[in-house]
Amino acid sequence: MELDTESTTTSIDDKTEDFCENPTRDTLAEGLMCLLKPTIDQLDERVRATRISQVELKQQIEGLAEELRKISDSQQCPLDLDAYVKKLMTAKQKVTVVSNILQTAQDRLNKVHLLIEKESARRRALLEPTPSTSPLEATNPSIQ
């Protein structure tokens, strides 16, 4: 028996030389690059501009914070009023909620009162005789 010394299996390494010199592949790659390159360049430029504007914004915020620190130091306020302001805002929100609840309850009570008045007026109209009829006609409808 004779052993084959040549391998018949194929590998990607064996085909890379053919693949790199494929004119169709090169044309497609070049076409894709021509399509994608302007978009990628534009995206890259916008990312760069965004990063620059973020650095500028950070510098402006730091400057503003420094100015606020200077103002705060120059005021020499002995009390930290932030905690009190927060408490006042919380109290204001609670008062607003309670006020809304009370207003809703008042509206409901007004509607109930109006319905009671209507019902009372309807019952009075049914129980009281009309002024055009005599009491005898009101109690005995067959007289009419």
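Any read-out appearing in this document is the output of simple, stated calculations on the displayed coordinates, not a laboratory observation. Predicted, not measured: the structure shown is a model, and the values here were computed from it. Cβ coordinates were reconstructed from backbone atoms using ideal geometry, including for glycine residues, and neighbour counts include every protein chain displayed.
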Task: Fully extended contour minus Cα-Cα distance, from Ala83 to Ser120, at 0.36 nm per residue - done: 7.8 nm
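Please report Rg over Rh for the range 48-110, where both radii come from the alpha carbon positions and Rh follows the Kirkwood definition. Intermediate values should be presented prior to the final figure.
Details: Rg = 22.0 Å, Rh = 16.2 Å.
Rounded to two decimals, Rg/Rh equals 1.36.
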TODO: Calculate the spin-label point distance for Arg46 paired with His113, positioning each point 7 Å from the Cα along the beta-carbon direction, and give it in nanometres.
DONE: 6.2 nm
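Considering the convex hull of the alpha carbon atoms of the range 79-129, report its projected area averaged over all viewing directions, in nm², one decimal.
Working: hull surface 15.4 nm².
So the Cα hull casts an average projection of 3.9 nm².
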